[in-house]
1. When you check A91 against the structure, is it small (G, A, S), closer than 17 Å to L124 by Cα and at pLDDT 95 or above, yes or no?
2. So, T50, is that one under 10 Å from the mean Cα position of the chain (by Cα) and either surrounded by fewer than 20 Cβ atoms within 10 Å (Cβ to Cβ) or among the β-branched types (V, I, T) (or both) or not?
3. What helices (runs of 4 or more DSSP H), lying completely within region 39-88, carry at least 2 residues that are charged (D, E, K, R)?
4. Could you give every pair whose Cβ atoms fall below 6 Å, whose first residue belongs to region 38-61 and is closer than 10 Å to H105 by Cα, and whose second residue is surrounded by 13 or more Cβ atoms within 10 Å (Cβ to Cβ) and among the acidic types (D, E), counting only separations of at least 6 or pairs across chains?
5. Regarding region 11-23, can at least one residue be identified that is loosely packed, with under 13 Cβ neighbours inside 10 Å and not in a strand (DSSP E or B)?
6. Across region 74-97, what is the number of residues that are surrounded by fewer than 17 Cβ atoms within 10 Å (Cβ to Cβ), over 18 Å from L52 (Cα atoms) and not charged (D, E, K, R)?
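The values are calculated or read from the model by the stated rules, or taken from the named source; none is laboratory data. Everything numeric in this text was worked out from a predicted model, so none of it was measured. Neighbour counts run over all protein chains shown; Cβ positions are idealised from the backbone, glycine included.
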Amino acid sequence: MENKPALESKLVEEFVGVAHGNFARVKEMLEAQPALVNATWDWGGGDFETALGAASHMGDKKIANYLLEHGARLDIFAAAMLGRLEVVKAALTAYPDALKTPGPHGIPLIAHAEAGGDEAKSVLDYINSLA
């Protein structure tokens, strides 16, 4: 495996920050530096976040889908926001305690499903049925 230089921390911080809602800047930055797609920013205290995580808790499907189309690693929080019931069910069947695992900024899985709106209603209903 080739050892590559680390991404500049300011670049990662900006990318994760703009993924909270600035699609044009996300697209611009990812085109310039594709390795950002899975970069993780450490907000401190164990609060790690990727751009996909940011888009997911903000309910920004456009940014989330763009990142996934460009190689972002799908996680249960993004799946919940995007209404991917089959993914959420499979993950929670295999790891039931994941229901209680906090996402970025400590935001729970149910809040990600709520952020997904109508498209994520089936996921929200499923999570509520487990409570």
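1. Yes; evaluated as a whole, the condition is true for this residue.
2. So T50 fits the description; yes.
3. By residue number, 61-69.
4. Within 6 Å, the pairs are F48/D42.
5. No - not one qualifying residue is present in region 11-23.
6. Of the residues in region 74-97, 5 are surrounded by fewer than 17 Cβ atoms within 10 Å (Cβ to Cβ), over 18 Å from L52 (Cα atoms) and not charged (D, E, K, R).
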